[in-house]
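Working notes, structure below.
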Amino acid sequence: MITMNINPEKFGYIRKSKNISQKEMAKHIGLREQNISLWECGTKAVPVKYHQKICDILGVSFEELCSEYRGGGYVLTSPQPSITITVK
């Protein structure tokens, strides 16, 4: 399983373009405003359990939040994809 990370800059850009404050976003998710700030700065990764909620609030797809603008278009990014192998 490959885990994609939300692009912190894109997250902040989309949130601001929707006129949603960090405080409002935190309230919708059920967290403190500080969490949103840490995610947007890239200090902390957004936990997977919040991905769908964030997409729903912002009205965007998860792929859009993971993308980065490069060379005239958006490409999916995952700077350090994590691979999980389950052995039974």
**Item:** Qualifying position, being touching a Ser or Thr at 6+ places or on another chain (Cβ under 6 Å) and either charged (D, E, K, R) or at pLDDT 95 or above (or both), among Glu68, Glu24
**Value:** Glu68
**Request:** Could you list all residues from segment 50-66 that are out of contact with any Cys (no Cβ under 9 Å at 6 or more places or on another chain) and under 15 Å from Tyr13 (Cβ atoms)?
**Result:** Ile54, Cys55, Ile57, Leu58, Gly59, Val60, Cys66
**Prompt:** Restricting to segment 14-40, what's the tally of residues that are more than 11 Å from the chain's Cα centre (by Cα) and either in a helix (DSSP H, G or I) or among the acidic types (Asp, Glu) (or both)?
**Reply:** 15
**Fill in**
Here the residues within segment 3-37 that are among the hydrophobic types (A, V, I, L, M, F, W, C) and either within 16 Å of Leu65 (Cβ to Cβ) or touching a Gly at 6+ places or on another chain (Cβ under 7 Å) (or both) are Met4, Ile6, Phe11, Ile14, Ile20, Met25, Ile29, Ile36
**Complete:** Over segment 10-24, the set of residues farther than 12 Å from Cys55 by Cβ and of a type in the set (A, V, I, L, M) is Ile20
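The values are calculated or read from the model by the stated rules, or taken from the named source; none is laboratory data. On a predicted model such as this, the values are computed, not experimentally measured, just so you know. Don't worry about glycine lacking a Cβ; one is built from the backbone with ideal geometry, like all the others, and counts go over all protein chains shown.
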